[in-house]
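**Student:** Take this structure, written in structure tokens, and hold onto it; I'll ask about it next.
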Amino acid sequence: MRKFTIHHTADAELEKALAERIDNLTKPKGSLGRLEELALQVGLIQRSLFPMLHHPCNILFAADHGIVEEGVSLSPKEITWQQVGNILRRGAGINYLCRQHGFELLVVDAGVDYDFPPARGILDMKIRKGTRNFLYEDAMTPEEMERCIEFGAQCIDRIYAQGCNVVSFGEMGIGNTSASAMWMHFFTEMPLRRCVGAGSGLDAEGIERKYRVLQRAADNFSGPHAVEDVLRRFGGYEMMMAVGGMLRAAELRLVILVDGFIMTNCLLAASRLCPAVTDYAIFGHQGDESGHKLLLEYLHAKPLLYLGLRLGEGSGAVCAYPIVDSAVRMMNEMETFSHASITKYF
């Protein structure tokens with residue numbers, strides 16, 4: 001598997017300088033609250049007292065999941081390709097949010113069980129038409145997992161060459177809350193029942209059926225449980241590409257905006273491969289999938305928004321972007337006390 005060189009952002013000297021600059025802006029100390037914390041984090045990521053955000057991009061990976069055959073989702077599998085088509089026609093939720101907030105949207109076919117016509121505006125990185133059913137076997141082979149990591153990294157190289165230094169990740173894949181619940185269970189050791197939620201809208205009976213299927217899948221997972229084994233057994237192609245993208249983004253010192261339950265699990269998975277990746281992550285929101293709050297708490301993450309979102313696609317991360325932009329603008333557009341000839345009043 002590709003190795004990434006990701007450095008922790010901690011730098012005592014730079015952190016002190018950033019804190020002094022923030023404290024000397026024309027405001028009471030700490031009065032801009034979370035914006036000050038974000039400014040410090042972005043400054044450390046970019047190693048600059050004057051951080052800037054350029055060419056924000058949302059990369060949306062799409063793929064199908066073999067576990068859907070077990071009735072774990074309210075939505076049928078064909079919703080994956082149909083909704084991707086809607087996104088390509090610019091009619092989905094993520095489309096208007098990207099337009100509103102100035103994001104480029106890159107849509108990637110990681111493994112959709114459908115043949116998209118040429119020239120539809122989708123980047124073809126299809127591994128296979130959906131993963132295998134992880135109730136009975138590994139969702140993907142070692143070679144497929146490595147290709148996913150590499151393709152995810154290539155997507156980052158593509159947008160980085162265009163000047164992007166802040167990226168969010170989205171997904172489209174019916175069944176991926178099941179795959180995410182399995183990653184969460186094995187990587188955090190939380191009881192599986194606490195990791196399983198409604199997905200696209202299951203009722204209590206549906207959630208219980210989903211849980212029983214996933215518990216059987218966990219029981220069937222024998223042998224070693226190394227990180228790569230868990231990733232390969234339960235992951236989706238779109239999820240593994242997001243992991244590769246997150247790792248490459250951190251290696252290039254990009255700001256990573258993390259979306260909902262699925263993408264938070266991808267960040268968790270990435271951190272199991274390279275722990276320093278979490279230094280580059282800003283968590284956009286707390287979604288309504290029941291396990292998301294628990295996972296954020298496990299990661300000691302402080303989401304910026306709680307709007308009851310459960311759409312996916314990167315929507316919550318893109319919604320949160322203006323807050324990060326405000327934090328960065330604070331560093332570049334506010335005067336200091338000395339420059340404005342104002343007496344410090346704290």
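The values are calculated or read from the model by the stated rules, or taken from the named source; none is laboratory data. Please read these numbers as outputs of a predicted model, since none were measured by experiment. Neighbour counts run over all protein chains shown; Cβ positions are idealised from the backbone, glycine included.
**Student:** Go through (1) touching a Lys or Arg at 6+ places or on another chain (Cβ under 9 Å); (2) surrounded by fewer than 24 Cβ atoms within 10 Å (Cβ to Cβ) one by one and return the number of the condition Leu299 breaks.
**Tutor:** (1)
**Student:** Counting just the residues of the range 22-69 that are basic (Lys, Arg) and in a loop (DSSP other than H, G, I, E, B), which one comes out nearest to the chain's Cα centre (by Cα)?
**Tutor:** So the residue we want is Arg47.
**Student:** Can you find a residue in the range 169-177 that is surrounded by 15 or more Cβ atoms within 10 Å (Cβ to Cβ), of a type in the set (A, V, I, L, M), under 27 Å from His285 (Cβ atoms) and in contact with a helix residue (DSSP H, G or I) (Cβ under 6 Å, 6 or more places away or on another chain)? Talk me through it step by step, then tell me what you get.
**Tutor:** Our first condition is that a residue be surrounded by 15 or more Cβ atoms within 10 Å (Cβ to Cβ); within the range 169-177, this holds for 169-177.
From what's left, of a type in the set (A, V, I, L, M): 172, 174.
Of the ones still in play, those that are also under 27 Å from His285 (Cβ atoms) are 172, 174.
Subset that is in contact with a helix residue (DSSP H, G or I) (Cβ under 6 Å, 6 or more places away or on another chain): 172, 174.
Yes, the range 169-177 contains at least one residue that is surrounded by 15 or more Cβ atoms within 10 Å (Cβ to Cβ), of a type in the set (A, V, I, L, M), under 27 Å from His285 (Cβ atoms) and in contact with a helix residue (DSSP H, G or I) (Cβ under 6 Å, 6 or more places away or on another chain).
**Student:** Next question, about the same structure. Go through the range 267-288 and give me each residue that's crowded, with 24+ Cβ neighbours inside 10 Å and either out of contact with any strand residue (DSSP E or B) (no Cβ under 7 Å at 6 or more places or on another chain) or basic (Lys, Arg) (or both).
**Tutor:** If the condition is that a residue be crowded, with 24+ Cβ neighbours inside 10 Å and either out of contact with any strand residue (DSSP E or B) (no Cβ under 7 Å at 6 or more places or on another chain) or basic (Lys, Arg) (or both), then Ala269, Ala270, Val277, Gln286, Gly287 are the ones that fit.
**Student:** Here's a follow-up. Does the range 138-191 hold any residues that are outside any loop (DSSP other than H, G, I, E, B), under 12 Å from Arg232 (Cβ atoms) and in contact with a Lys or Arg (Cβ under 8 Å, 6 or more places away or on another chain), and which are they?
**Tutor:** Pro142, Glu144, Met145, Glu146, Ile149, Met182
**Student:** Still on this structure, please answer the following. Select from the range 186-202 the residues that are surrounded by fewer than 23 Cβ atoms within 10 Å (Cβ to Cβ) and either within 16 Å of the chain's Cα centre (by Cα) or farther than 14 Å from Arg310 by Cβ (or both) and list them in ascending order.
**Tutor:** Answer for the range 186-202, where residues must be surrounded by fewer than 23 Cβ atoms within 10 Å (Cβ to Cβ) and either within 16 Å of the chain's Cα centre (by Cα) or farther than 14 Å from Arg310 by Cβ (or both): Phe186, Phe187, Thr188, Glu189, Met190, Pro191, Leu192, Arg193, Arg194.
**Student:** Kindly provide the set of residues from the range 8-25 that are in contact (Cβ under 8 Å) with a residue 40 or more places away in the chain and surrounded by fewer than 14 Cβ atoms within 10 Å (Cβ to Cβ), ordered by number.
**Tutor:** Across the range 8-25, the qualifying residues are His8, Ala10.
**Student:** While we're looking at this one, here's another question. If I filter the range 204-213 for residues that are part of a helix (DSSP H, G or I), over 20 Å from Lys293 (Cβ atoms) and in contact with a helix residue (DSSP H, G or I) (Cβ under 6 Å, 6 or more places away or on another chain), do I get at least one hit?
**Tutor:** yes
**Student:** Out of curiosity, is Ser75 modelled with pLDDT under 95, on the phi < 0 side of the Ramachandran plot and not acidic (Asp, Glu)? Let's see the steps before the verdict.
**Tutor:** Details: modelled with pLDDT under 95: yes; on the phi < 0 side of the Ramachandran plot: yes; not acidic (Asp, Glu): yes.
It is true that Ser75 is modelled with pLDDT under 95, on the phi < 0 side of the Ramachandran plot and not acidic (Asp, Glu).
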